[in-house]
Each structure stands twice: as structure tokens, then as C-alpha cells.
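The values are calculated or read from the model by the stated rules, or taken from the named source; none is laboratory data. Just so we're clear, the structure is a prediction, and the values are computed from it rather than from any experiment. Note that we place each Cβ from the backbone using ideal geometry, even for glycine, and neighbour counts take in every protein chain shown. Surface areas here come from the heavy atoms of the whole protein model, side chains and all, with no ligands, DNA or RNA. Shrake-Rupley method; radii C 1.70, N 1.55, O 1.52, S 1.80 Å.
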Amino acid sequence: MPEFPLRIELELSCVCNLTCSYCPRRYVDDLSGFMDPALFKQLIDEISNYKDRVIVLHRRGESLLHPDFEELLYYCKGKHKEVQIATNGTIMTDSKLEAMVATLSFVSFSIDLPERIKDTRGVDYEIVAANIEKFLQRNNGRVETQVSMVKDNDVTDAQVSQFTNLWKGKVDRIRVYEEHSSDGDYGSLNRDRGERQPCIMPFYEMLIFCDGMVGRCNHDWDGEPIGDVNKDTLHKIWYSAGLQDLRRQHEALTITDGTCKNCDSWYPAEKNQGTGTVAEGISKKL
């Protein structure tokens, strides 16, 4: 186990301007609020004491809605190995775009096929696509880019190919995620992954919600907190009894944690979940 998490997710916002049909937000009550800028800077300062850490600035909401979005991005600049974000691409003003190009290492745009996006995301395809194209032009290859869509039960293999062809040659990576949590259990998939394996996430990542409560990973939407950064440092929580117990559960495959026990989206290895599809190497730079 590393002395400090290798990847830290900081939820800037749990507010979202879309109501996507496949988003687990629909199972969570009263998602509102933004991370306090002072708390955010405190966390960034602590993380910057450790080299080669990856910061991820999103989780249950749309990060670009944070009223201090640009200031917070610039505060991160040059302090970490990578700074990543995912966005629905609907509210990219010129100043937000400039801040993203100047500070980020990676950005993922969540979108859908033109004929589906109005029903699944409630937004016009042309609006989001135009914003992505604008970012790509201003970016000029500096920030690694991804577009992604969710493959629910209505998506065919032909539509996956259609989505890939729409963005091939424009972005660095195209990702198709499998729909999860459609039954109300966070992280559960619509298929059998076979024999359960230990998940690397408790040994690799920390998730801090916008109110400072600490979750498990990106499949924790409203689980019982396992820490509070308003009271303790990240380092102290990383070695806390709650997280140590969660690691033992995964190592022994005797998982009783309420969030983890029904999750099929475990990561057996770092950066390797083994679900969905990735079109690697599709890049405008090649």
C-alpha cells in the first residue's frame, strides 16, 4: 500500500444541470452544494506534499457549475502529476475553457449519439458537440481528450461503431462505459463478471465529497462516510481503522461493507476495470 493515495477525487460540485436517464443521481436524495474553496485549497496543499499524485475534480455533479471553478483550477496548476476532469460540455464559457487548457492533463466529455442525446441527457447534440470542437481547437493537443457514452440496454454494437466513427481522429480516446447501478445498487452491472475479485480501490484511491465526507471510490454515491476532512487530514484517514478494515474485507473476500458488497465494478488492477470498451490510439496527433 502506498504511503498516501495515488489518486484523489475531489468533488467540486454535487449539483448537475442535466438529468441523464442512466445516472445514479436519480437514487440519491438532496444532492446539492459545492466544495468550500478554503477546504479545497487545504486538500490541494496536503496532496502537493506527495509526488506523482493524480487529482480528479469531479464525481456526482457538474464541476463547471462551481462558482469558483476557474480559481480552483489555477490553484492546482503545476502541483501534481495530473489533474483530470469530466464534464457534460454544456456550459463551457471562454474563461472556463482557457482555465481548463491551462491547468488540466486530461478531460473527458460525456455525450451520446445525436439521435439519443435529447432523450438520455436532455440536451441538443449540436450544443455539446460545438463546445467540444471549440475546446479541441483552442487546446491544440495540450490536454489529453476523451469522449464517452454510456451503453445501456438499447445501444447496439452498430451504434457503438457509429459513436467511434463520429469522433475518430478528433480526440485522443473514445470510451464506451457499461451502464451501472440501474437496479439501485451502486456499481452493479447488467452482466455477470464471474468470480468476485479483490478491488484495488481501497489501496489506491480516496474520494472526498463536496461537504468533506470521505467515500470509497467512484461507485460510492451515498454510502456511510469513512472519514471527514473537516476534522482529519487525508493522511490520517488513509490509515484510519475504517479504511484498514475495508482493505481486509477485500483481501479476504469477506465483504460486508454496505457499498462494496453489491458492487460488480471492482478494479482487479490499477487502471484496469475490465468493463466497457476503449478505442486506444485514436488521436488527431497520429
For this session: Please tell me the relative contact order of region 40-179 in percent, rounded to the nearest whole number, where contacts are Cα pairs under 8 Å and at least six residues apart.
Result: 19
For this session: Tell me the label-point distance for the pair Asn49, Ala130, using the 7 Å Cα-to-Cβ offset, in nm and rounded to one decimal.
Result: 4.8
Problem set entry | Between region 64-118 and region 177-215, the Cα center-to-center distance that results, in Å | 23
For this session: Name the long-range amide H neighbours of Val83: under 5 Å, sequence gap of 5 or more, or other chain; modelled H, no Pro or chain starts.
Result: Ile55, Ser105, Phe106
Exercise. ³J(HN,Hα) across region 61-67 via Karplus (A = 6.51, B = -1.76, C = 1.60, θ = phi - 60°), whole Hz, x for Gly/Pro?
Worked result: x, 9, 4, 5, 7, 4, x
Exercise. Probe 1.4 Å, all protein chains in place: accessible area of Val176 in Å², nearest 10?
Worked result: 10
Exercise. Of the chymotrypsin sites (Phe, Trp or Tyr not before Pro) in region 176-269, which ones lie in a loop per DSSP and count no more than 14 other C-beta atoms within 10 Å?
Worked result: Tyr239
Seminar exercise, completed: Kirkwood-based Rg/Rh on the Cα set of the chain evaluates to 0.94
For this session: Round to the nearest 0.05 the FRET efficiency obtained for Tyr239 and Glu115 when R0 = 41 Å and r is the Cβ-Cβ distance.
Result: 0.25
Exercise. Where does the chain land at 222 nm, in deg cm²/dmol rounded to the nearest 500, when only DSSP H runs of n ≥ 4 count, each adding -39500 (n - 2.57), divided by all residues?
Worked result: -7500 deg cm²/dmol
Problem set entry | Charge dipole magnitude, Cβ of K and R +1, D and E -1 - the chain, Cα centre, debye nearest 20 | 940
Seminar exercise, completed: Counting only protein heavy atoms and rolling a 1.4 Å probe, one gets per residue an accessible area for region 1-85 in Å² of 43
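Report the charge-dipole magnitude of region 152-229 in Debye, nearest 20, computed about the Cα centre from +1 at each Lys and Arg Cβ and -1 at each Asp and Glu Cβ.
560
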For this session: Note down the magnitude of the dipole of region 92-155 about its Cα centre, charges +1 on Lys and Arg C-beta and -1 on Asp and Glu C-beta and zero elsewhere, to the nearest 20 debye.
Result: 240
Problem set entry | Pairs of Cα atoms farther than 18 Å apart, region 129-189, % | 46
For this session: With both partners inside region 1-120, how many of the DSSP beta bridges are antiparallel, as a percent to the nearest 5?
Result: 10
Exercise. For the cross-link pairs Lys134/Lys168; Lys51/Lys79; Lys77/Lys170; Lys236/Lys261, which exceed 18 Å when the distance is taken from alpha carbon to alpha carbon?
Worked result: Lys77/Lys170; Lys236/Lys261
Exercise. For Gln137 and Tyr74, FRET efficiency with R0 = 30 Å and r from the beta-carbon atoms, rounded to 0.05?
Worked result: 0.90
Problem set entry | Under Karplus coefficients 6.51, -1.76 and 1.60, residue-wise ³J(HN,Hα) of region 245-254 in Hz, glycine/proline x | 5, 4, 5, 4, 4, 5, 4, 8, 6, 10
Exercise. Out of the DSSP beta bridges found with both residues in the chain, what percent are antiparallel (nearest 5)?
Worked result: 25
Problem set entry | Label-point separation in nm, Asn153 to Asp183, each point 7 Å along Cα→Cβ | 1.2
Exercise. Non-local amide H neighbours of Glu9 (under 5 Å, H modeled in plane, Pro and chain starts lacking H): which ones?
Worked result: Val56, Met206, Leu207, Ile208
